[in-house]
1. Could you name the lysines in cross-link range of K86, using Cα to Cα under 18 Å and dropping any fewer than eight places away on the same chain?
2. May I ask you to list the residues of region 103-123 whose amide nitrogen lies under 12 Å from a point 7 Å from Cα along the Cα→beta-carbon direction of L10?
3. Under a Cβ-Cβ limit of 4.7 Å, which cysteines in the chain have nobody to pair with?
4. What is the distance, in nm, between label points placed 7 Å from the Cα along the Cα-to-Cβ direction at R18 and at Q38?
5. Separation between the T56 and D72 pseudo-spin-labels, each 7 Å from Cα along Cα→Cβ, expressed in nm?
6. So if each residue of separation counts as 0.36 nm, and I subtract the Cα-Cα distance between D109 and E30, what length gain in nm does that give?
7. Kindly report the accessible area of the chain per residue (heavy atoms of protein chains, probe 1.4 Å, no ligands, DNA or RNA), in Å².
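The values are calculated or read from the model by the stated rules, or taken from the named source; none is laboratory data. Small disclaimer: the values here were computed from a predicted structure and weren't measured. Cβ placement follows ideal geometry from the backbone for every residue including glycine, while neighbour counts extend to all protein chains displayed. These area figures cover heavy atoms from the full protein model, side chains too; ligands, DNA and RNA do not enter into them. Shrake-Rupley method; radii C 1.70, N 1.55, O 1.52, S 1.80 Å.
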Amino acid sequence: VQLQACGGGLAQAGGSLRLSCVVSGHTLREYAMGWFRQAPGKEREFVAGTKWIVATPSYGDPVKGRFSISRDYAKNLVILQMNSLKPEDTAAYYCAAKRSTSMSTMSTDYEYWGQGTLVTVSS
């Protein structure tokens with residue numbers, strides 16, 4: 001499984017960004033997908049996740065009500081829509097996949113990772 005994340009950039013507080021993760025290399029029917037983020041000097045943090053085959057979104061507490069995860073089957077994309085951005089959302093964002101349909105918020109449970117895409121939110 002290969003993952004490629006894109007869509008990061010600079011946004012003002014209160015603004016929005018949309019991250020996409022292109023997935024290739026394997027049928028994803030039995031996979032769960034996740035977005036994580038890591039700010040400088042901090043541990044990697046769960047942002048959002050869902051099973052690929054059925055929408056079962058889950059979110060980390062800091063982003064609940066502001067971020068939304070979805071899948072585009074036709075384009076093999078996992079999308080993270082980020083609204084009402086805050087300066088504390090600034091981080092490198094990573095998409096990840098795990099070979100099980102059980103959801104997990106633990107980064108160590110994910111076998112496949114894309115490169116990070118940087119999100120910077122100015123106040």
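1. K42, K64
2. What the label zone holds, given the 12 Å backbone N cut-off, is 120-123.
3. When partners are defined as cysteine Cβ atoms under 4.7 Å apart, the chain leaves C6 without one.
4. The two pseudo-label positions are separated by 2.8 nm.
5. 2.5 nm
6. On the way: separation 79, 0.36 × 79 = 28.44 nm, distance 1.44 nm.
Gain on stretching D109 to E30: 27.0 nm.
7. Numbers: 6170 Å² over 123 residues.
So the chain comes to 50 Å² accessible per residue, rounded to a whole number.
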